[in-house]
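Worksheet: the structure to be examined is printed underneath.
The values are calculated or read from the model by the stated rules, or taken from the named source; none is laboratory data. Small disclaimer: the values here were computed from a predicted structure and weren't measured. All Cβ positions, glycine included, derive from the backbone under ideal geometry; neighbour counts span all protein chains shown.
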Amino acid sequence: MADDVAGVASEQLRSFIERIERLEEEKAGLAADIREVFAEAKSQGFDTKIMRQVIKLRKLEDHDRREQEELVDLYLQALGMRAEG
C-alpha cells in the first residue's frame, strides 16, 4: 500500500487527526458559550461557584449524591463545623 508508512495507514491517521482537531475547535466554542452563560448569570446576581457545584451534583446518581452529602456532613461534624445530629 502506497499510503502506509512503517505500517501506519497515512490517510486513515490523517482522517482521525482532522476529526479530532474539528472536535477540539467545537469544544473550544462550547466552552466560550458556557463562560458567557456563567457571566450572564453572574451579572444577574447568581453565585457562579455555587452554580458549578449544583451542576456537578446534578450529574451524580441520587445514591451517589446522598452518600457524598452524608460524608461531607460527617467530616464537618468531626471538625466541629456542624452540630452533631
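Table for the structure above
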read-out	value
Filter result for the condition that a residue is outside the structural domain of E70 (by TED's automatic domain parsing) and under 14 Å from the mean Cα position of the chain (by Cα), over K27, K56, K42	K27
Pairs, first basic (K, R) in segment 26-50, second surrounded by 10 or more Cβ atoms within 10 Å (Cβ to Cβ), C-beta under 7 Å, six or more apart	K42/T48
Condition check for E11: of a type in the set (D, E, K, R) and modelled with pLDDT under 95	yes
Residues located in segment 49-85, provided they are polar (S, T, N, Q) and surrounded by 12 or more Cβ atoms within 10 Å (Cβ to Cβ)	Q68, Q77
